[in-house]
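Asks: Provided herewith is a single structure, encoded as structure tokens, for subsequent inquiry.
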Amino acid sequence: DAGVIQSPRHEVTEMGQEVTLRCKPISGHDYLFWYRQTMMRGLELLIYFNNNVPIDDSGMPEDRFSAKMPNASFSTLKIQPSEPRDSAVYFCASSLAGRGTEAFFGQGTRLTVV
Amino acid sequence: GQSLEQPSEVTAVEGAIVQINCTYQTSGFYGLSWYQQHDGGAPTFLSYNALDGLEETGRFSSFLSRSDSYGYLLLQELQMKDSASYFCAVRLYNQGGKLIFGQGTELSVKP
């Protein structure tokens, strides 16, 4: 398997524009996580899915953020409208169900909102 | 709420031993995991402690004490390539498998 695939790797956009980040998890994995990483806040969990169903979106900062998982092989994180404070690296990770199963991370999307 | 506390940075010299601590305030988790992240890269899994005690994997060892709400990652025979950020993490079984991370410890290995 190619691992978790995220696109794009880098995104520069203007404030107010819509941004869509994409993630393809490892085939067969039950869980998909979206994290945001900044120097100040570390690795924040935004939302996660189990079997394509959103389980906990309490980490989503505000209504401008939304995430979907229409099928087991694809998820999106959308920011509309984007703001400069959304600039961060966004990671997608997937894992199997189970007690200690490791999470596999994609290479991340570095988002810059100017 | 749940939280995991780690030192923000640690510095050590090549060949030395370093311990990165993680204290947590959470309950109902399966075990304590450790991840490594090199600058500009993705976090990668290092180790997992389901039970109290020490787990060894090559130069790296990890420890968990649930009674003390404490764990650590021990890195021996440090190499320059070990310079990275290290995160402790827990999977919460009373919250549907939620995976949360500490703030991370930046390890700098000096010659």
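The values are calculated or read from the model by the stated rules, or taken from the named source; none is laboratory data. Everything quoted here is computed from the prediction, not taken from an experiment. All Cβ positions, glycine included, derive from the backbone under ideal geometry; neighbour counts span all protein chains shown.
Asks: So which residues in the stretch A:32-53 are under 21 Å from A:V113 (Cα atoms), out of contact with any Gly (no Cβ under 8 Å at 6 or more places or on another chain) and of a type in the set (S, T, N, Q)?
Replies: Of everything in the stretch A:32-53, just one residue is under 21 Å from A:V113 (Cα atoms), out of contact with any Gly (no Cβ under 8 Å at 6 or more places or on another chain) and of a type in the set (S, T, N, Q), namely A:T38.
Asks: Please specify each residue of the stretch B:90-111 satisfying the condition of being within 7 Å of chain A (Cβ to nearest Cβ), over 16 Å from B:Y24 (Cα atoms) and either aliphatic (A, V, I, L, M) or touching a residue at least 12 places away in the same chain (Cβ under 8 Å) (or both).
Replies: The one that is within 7 Å of chain A (Cβ to nearest Cβ), over 16 Å from B:Y24 (Cα atoms) and either aliphatic (A, V, I, L, M) or touching a residue at least 12 places away in the same chain (Cβ under 8 Å) (or both): B:Q95.
Asks: Given the conditions (1) β-branched (V, I, T); (2) without any contact (Cβ under 8 Å) to a residue 40 or more places away in the chain; (3) away from every other protein chain (no Cβ under 12 Å), and given that A:V53 satisfies all but one, which numbered condition is not satisfied?
Replies: The one condition A:V53 does not meet is (3).
Asks: I've got another one for you. Of the residues A:P61, A:P81, A:P8, which single one is out of contact with any Phe, Trp or Tyr (no Cβ under 8 Å at 6 or more places or on another chain), more than 11 Å from every other protein chain (Cβ to nearest Cβ) and without any contact (Cβ under 8 Å) to a residue 40 or more places away in the chain? Steps first, please.
Replies: Details: A:P81 fails: without any contact (Cβ under 8 Å) to a residue 40 or more places away in the chain; A:P8 fails: without any contact (Cβ under 8 Å) to a residue 40 or more places away in the chain.
Going through A:P61, A:P81, A:P8 in turn, just one is out of contact with any Phe, Trp or Tyr (no Cβ under 8 Å at 6 or more places or on another chain), more than 11 Å from every other protein chain (Cβ to nearest Cβ) and without any contact (Cβ under 8 Å) to a residue 40 or more places away in the chain: A:P61.
Asks: Looking only at strands (runs of 3 or more DSSP E) that fall completely inside the stretch B:40-98, which ones have 3 or more residues that are under 18 Å from B:Q6 (Cβ atoms)? Spell out the reasoning first.
Replies: Details: elements: B:44-49, B:53-57, B:60-65, B:70-75, B:84-92.
Where strands (runs of 3 or more DSSP E) fall fully within the stretch B:40-98 and carry at least 3 residues being under 18 Å from B:Q6 (Cβ atoms), they are B:44-49, B:60-65, B:70-75, B:84-92.
Asks: Could you grab me the full set of residues in the stretch A:92-114 that are surrounded by fewer than 19 Cβ atoms within 10 Å (Cβ to Cβ), within 7 Å of chain B (Cβ to nearest Cβ) and without any contact (Cβ under 8 Å) to a residue 40 or more places away in the chain?
Replies: Pass one, the stretch A:92-114, residues surrounded by fewer than 19 Cβ atoms within 10 Å (Cβ to Cβ): A:96-100, A:107, A:110, A:112, A:114.
Of the ones still in play, those that are also within 7 Å of chain B (Cβ to nearest Cβ) are A:97, A:99-100, A:107.
If the condition is that a residue be surrounded by fewer than 19 Cβ atoms within 10 Å (Cβ to Cβ), within 7 Å of chain B (Cβ to nearest Cβ) and without any contact (Cβ under 8 Å) to a residue 40 or more places away in the chain, then A:R99, A:G100 are the ones that fit.
Asks: Would you point out the residue of the stretch A:26-46, among those that are within 9 Å of A:S94 (Cα to Cα) and at the interface with chain B (Cβ under 10 Å from one of its Cβ atoms), that is surrounded by the most Cβ atoms within 10 Å (Cβ to Cβ)?
Replies: A:F33
Asks: Then there is this: So, in the stretch B:1-20, exactly how many residues are part of a strand (DSSP E or B) and crowded, with 17+ Cβ neighbours inside 10 Å? Walk me through how you get there before you give the answer.
Replies: We begin by selecting, within the stretch B:1-20, every residue part of a strand (DSSP E or B); these are B:3-5, B:9-13, B:18-20.
Next, only the ones that are crowded, with 17+ Cβ neighbours inside 10 Å stay: B:4, B:10, B:12, B:18, B:20.
Matching residues across the stretch B:1-20 total 5.
For (1) at pLDDT below 95; (2) over 22 Å from B:S108 (Cα atoms), each residue gets a yes or a no:
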| position | (1), (2) |
| --- | --- |
| B:L4 | yes, no |
| B:I17 | no, no |
| B:S27 | yes, yes |
| B:D39 | yes, no |
| B:G58 | yes, no |
| B:S62 | no, no |
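Asks: Got a sec? Which of B:S61, B:S67 is free of Cβ contacts under 8 Å to residues at least 60 places away in the same chain and in contact with a strand residue (DSSP E or B) (Cβ under 6 Å, 6 or more places away or on another chain)? Step through it out loud before you land on a result.
Replies: Details: B:S67 fails: in contact with a strand residue (DSSP E or B) (Cβ under 6 Å, 6 or more places away or on another chain).
Only one candidate passes the filter, namely B:S61.
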